[in-house]
Amino acid sequence: MKPYEPLKLPLKDIDWAGLVPLIGEANASVARYDGMLQSIVNPGILLSPLTTQEAVLSSRIEGTQASFEEVLEYEANMKEGMGESKQADISEILNYRRAMAAAVKEMKKLPLCLNLVKKLHAFLLDSVRGKHRAPGEFRRVQNFIGPSKNIKEATFVPPSPEKVLPAMGNWEKYLHYEEKDRLVQLAIVKAQFELIHPFLDGNGRIGRMLLPLFLYEKGILSSPMFYLSAYFEERRDIYYEKFQGIERANDWNSWIRFFLQAVIEQSRINTAKAKAILGLYNRMKKETPEIIKSQYALASLDALFAKPIFTPADFIAITKIPRRTAFLILEKLQKTKILKKLRGATGRKPAVLAFGGLLRIAEGRKVV
């Protein structure tokens, strides 16, 4: 199989007329979702479980097996029964989340560019299984995707190493090109990046991270929180089929249609989840002061949304509430069944508590 030869951007054969209905619906869906985001005072805190869920699903597409609740339990030091492979999976997921946070911080100084993408990649592979695969550096060797280590059995061979930098230079210019529609542009940006496959590892995850970052930079989203991995993960075979269509026949229009449909459907789901989380927060904002009767009611509530599976020490560290008062608050929240105990305190192991209402929205998990 010959290495893939990426077309130069911008593309010349986009079926703009045929895409118009999807473009209109996709942009309207994203606008409604952003309206929801703008109604949330601190989306970074309230929607943090959805950010973690996105990291879980994006990493799962690449083969990790850890679940959303396992990640939260790991962070609450509930590692009993987790083997080395599971913990390695979780470390990759946590790196995904850290990399996104770092990218948002970097974007206060840098636009979306090759340097920022390299920094994002270095964060992603820091101290995990891909740490020896040139973190933050474009590849200098030929890589490929396939069932074995034999390139003759490859299902996809990206561009040869000497063509990576020119192709990525063209890709970077296209990031700042005034395309007719930003969502179509984003579909092309994502696919072209993954087809160039500029890194030895992590290309798929970086490609999916680019989605909210691009929309945020272009002013389409007020917060860089947009999640498509659930749609791609559920339709993994179609996802790869559309990429193969580009690779084998330059069928960009089929991929763009698939991408726009993903935006439409997942925007609705994301909006519904965000609305449910905001509704839960507003309801508890009224109830929590009556339950705990403390000046720390709002700080306690924010902590539950920021970290829905936690130890008392986590709660104290987040809220800065005095220890004795914090334990009284947690006791009251357990009595009213807002919090459930996942593990009782034994020996040196602290109790682990869960905020079931938020977990059920984020993943449909029932805490018993």
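Throughout, read-outs are computed from the coordinates displayed, never taken from laboratory work. What you see is a predicted model, and the numbers here were worked out from it, not measured in a lab. In this analysis, Cβ positions are derived from the backbone assuming ideal geometry, glycine residues included, and neighbour counts consider all displayed protein chains.
Structure data summary
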item: Within the range 223-318, trypsin sites (Lys or Arg not before Pro) in DSSP loop having at most 16 other beta-carbon neighbours inside 10 Å; result: Arg235, Lys293
item: Integer Hz, Karplus 6.51/-1.76/1.60 couplings in order for the range 39-46, x for Gly and Pro; result: 7, 9, 4, 9, x, x, 7, 5
item: Reach of Lys8 by Cα under 12 Å, taken over aspartates and glutamates that are not fewer than 8 positions away in the same chain; result: Glu172
item: Under the Karplus curve 6.51 cos²θ - 1.76 cosθ + 1.60, θ = phi - 60°, whole-Hz ³J(HN,Hα) for the range 186-194, x wherever Gly or Pro sits; result: 5, 4, 6, 4, 5, 5, 4, 4, 6
item: Mean separation of Cα contacts under 8 Å (6+ apart) over length of the range 293-363, as relative contact order %; result: 32
item: R0 of 45 Å, Cβ-Cβ distance Thr155-Ala317: FRET efficiency to nearest 0.05; result: 0.45
item: Radius of gyration and Dmax over the Cα atoms of the chain, both given in Å; result: 22.1, 69
item: FRET efficiency estimate (nearest 0.05) - Cβ-Cβ, Lys218 to Glu62, R0 41 angstrom; result: 0.95
item: Proximal charge balance of Gln261 [Cβ under 11 Å; K/R count +1, D/E count -1]; result: +1
item: Protection proxy ranking of 213-221, 335-343 - average other beta-carbon atoms within 10 Å, highest first; result: 213-221, 335-343
item: Gain in span if fully extended, Glu137 to Gln87, counting 0.36 nm per residue against the direct Cα distance; result: 15.4 nm
item: Radius of gyration and Dmax over the Cα atoms of the range 293-363, both given in Å; result: 11.5, 33
item: Leu47 long-range amide H proximity, modeled H, under 5 Å; result: none
item: Debye, to nearest 20: dipole size of the chain, +1 on Lys, Arg Cβ, -1 on Asp, Glu Cβ; result: 1340
item: Three-way shape call for the range 15-167 based on the alpha-carbon gyration tensor, with the a/c threshold at 1.5; result: oblate
item: Relative contact order %, the chain, counting alpha carbon pairs below 8 Å whose residues are six or more apart; result: 22
item: Cβ-derived FRET efficiency at R0 30 Å, Ala28 paired with Arg360, nearest 0.05; result: 0.55
